[in-house]
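Worksheet: one structure, shown below.
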Amino acid sequence: MTTTIRTIQIAEFGGPDKLQVVNREVGEPGPGEIRIRHKAVGLNYIDVYMRTGLYPNALPMTLGMEGAGVVEAVGEGVSHLALGDRAAYASQPPGSYCEARVMPARCVVKLPDAISFEEGAAMMLKGLTVQYLLNKTQPQGGLKAGDFVLFHAAAGGVGLIACQWARAMGLRLIGTAGGADKCKRALEHGASYVIDYRSENFVERVKAITGGMGVRAVYDSIGKDTFEGSLDCLSPFGLLATYGNASGPVPPFNLGALGPKGSLYVTRPTLFTHLATRQSTQVMADDLFGMVTSGRVKIRIDQRYPLDQVGRAHGDLESRKTTGSTVLLP
């Protein structure tokens with residue numbers, strides 16, 4: 001059986017104007033697949049990277065890496081999901097900007113009743129990113145209560161989750177954000193200190209906050225504009241995890257510079273390395289769901305757009321008008 005659905009596609013790379021609403025057919029799931037009817041879809045900066053071609057994919061393509069909804073059909077060999085289950089995912093391949101899709105079941109997990117569809121769509125990619133960054137991407141010797149870490153874009157969707165999660169771990173998170181309102185929001189969500197990068201030098205402020213010692217780890221989704229400064233914020237043997245490119249990709253750099261700066265470590269992790277198996281996906285999702293249902297992490301959704309206004313949503317995201325998480329509503 002096939003059904004016609006609305007989908008957002010791009011036929012060429014470029015600006016938000018390349019996002020077009022098309023009607024297409026979606027069929028039955030094959031072995032190892034499910035069909036999910038979306039109730040909400042998440043918006044993430046990685047969607048921008050794919051739209052512009054920074055992360056190239058075959059065209060035409062449907063963007064979107066996370067969503068939540070109801071399982072409509074289950075393919076052969078799928079045992080952890082059933083017809084009618086509430087479900088959510090952060091997934092490769094992309095394709096969540098639509099009313100319904102057929103996709104690999106290993107990426108999809110049951111969504112607890114205590115978590116809404118909108119929260120599920122807003123939290124999967126962002127929350128699982130925080131889970132692997134703070135719990136698995138750590139400096140030599142790990143992180144312990146009282147340690148300083150620096151988290152860029154602390155008022156964004158990932159950042160606000162990170163502020164809360166770090167507080168629950170007892171970490172002293174120093175966030176960066178642009179403008180007084182965003183700085184206030186990060187503090188309200190658990191950041192110990194926030195630096196307004198519009199009016200302050202974040203390297204100087206980090207050194208002042210830490211008494212010149214620097215931080216154990218920097219989590220940097222900005223890329224080109226913050227890379228050198230992030231290195232200068234680290235204490236000896238510290239770790240820089242550069243996991244995004246909001247300002248553009250990090251240019252080639254001299255590896256030898258890491259020695260004089262304190263025998264530093266640099267890594268470029270990705271979420272989907274950690275989500276390579278159904279088992280690892282479930283373990284990470286259970287950890288995230290536990291943080292949310294316990295109240296230690298609250299999912300803040302500040303923007304909602306109809307699916308067919310996704311171009312406006314992309315424009316607002318790129319111009320840094322958004323805060324917290326954003327969802328698209330089919």
If you take the residues in the range 65-105 that are under 22 Å from the mean Cα position of the chain (by Cα) and polar (S, T, N, Q), which one is surrounded by the most Cβ atoms within 10 Å (Cβ to Cβ)? Ser96
Flagged in the range 246-283 as in a helix (DSSP H, G or I), touching a strand residue (DSSP E or B) at 6+ places or on another chain (Cβ under 9 Å) and surrounded by 14 or more Cβ atoms within 10 Å (Cβ to Cβ), in numbering order, are Leu258, Leu271, Phe272, Arg278, Thr281, Gln282
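Name every residue in the range 284-330 that is of a type in the set (Phe, Trp, Tyr) and part of a helix (DSSP H, G or I), in order of residue number. Can you show your working first?
As a first pass, look at the range 284-330 and keep what is of a type in the set (Phe, Trp, Tyr): 289, 305.
Within the range 284-330, just Phe289 meets the criteria.
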Condition met for Pro249 (within 19 Å of the chain's Cα centre (by Cα) and touching a residue at least 60 places away in the same chain (Cβ under 8 Å)): yes
Filter the range 202-242 for residues that are over 21 Å from Gly141 (Cα atoms) and under 17 Å from the mean Cα position of the chain (by Cα); the one that is surrounded by the most Cβ atoms within 10 Å (Cβ to Cβ) is Ser221
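Suppose the filter is assigned to a loop (DSSP other than H, G, I, E, B) and touching a Lys or Arg at 6+ places or on another chain (Cβ under 7 Å); does Gly84 pass it? Even if it seems obvious, please write down each step before you answer.
Working: assigned to a loop (DSSP other than H, G, I, E, B): yes; touching a Lys or Arg at 6+ places or on another chain (Cβ under 7 Å): no.
No: the conditions fail for Gly84.
In this structure, is Ile36 out of contact with any helix residue (DSSP H, G or I) (no Cβ under 7 Å at 6 or more places or on another chain), in a helix (DSSP H, G or I) and surrounded by 19 or more Cβ atoms within 10 Å (Cβ to Cβ)? Working first, answer last.
Details: out of contact with any helix residue (DSSP H, G or I) (no Cβ under 7 Å at 6 or more places or on another chain): yes; in a helix (DSSP H, G or I): no; surrounded by 19 or more Cβ atoms within 10 Å (Cβ to Cβ): yes.
Here the answer is no, as Ile36 does not meet what is asked.
I'd like to check which strands (runs of 3 or more DSSP E) are fully inside the range 90-208 and have at least 3 residues that are in the same structural domain as Glu228 (by TED's automatic domain parsing). Before you say what the answer is, go through the steps one by one.
On the way: elements: 100-104, 108-110, 148-151, 172-177, 193-196.
Filter on the range 90-208 gives 148-151, 172-177, 193-196.
Got a sec? Which of Leu317, Leu307, Leu288 is in the same structural domain as His80 (by TED's automatic domain parsing), touching a helix residue (DSSP H, G or I) at 6+ places or on another chain (Cβ under 8 Å) and modelled with pLDDT of 95 or more?
On the way: Leu317 fails: modelled with pLDDT of 95 or more; Leu307 fails: touching a helix residue (DSSP H, G or I) at 6+ places or on another chain (Cβ under 8 Å).
Residue meeting the stated conditions: Leu288.
The values are calculated or read from the model by the stated rules, or taken from the named source; none is laboratory data. Model, not experiment: these values are computed from the prediction. Positions of Cβ are generated from backbone atoms using ideal geometry, with glycine treated the same way; all protein chains shown enter the neighbour counts.
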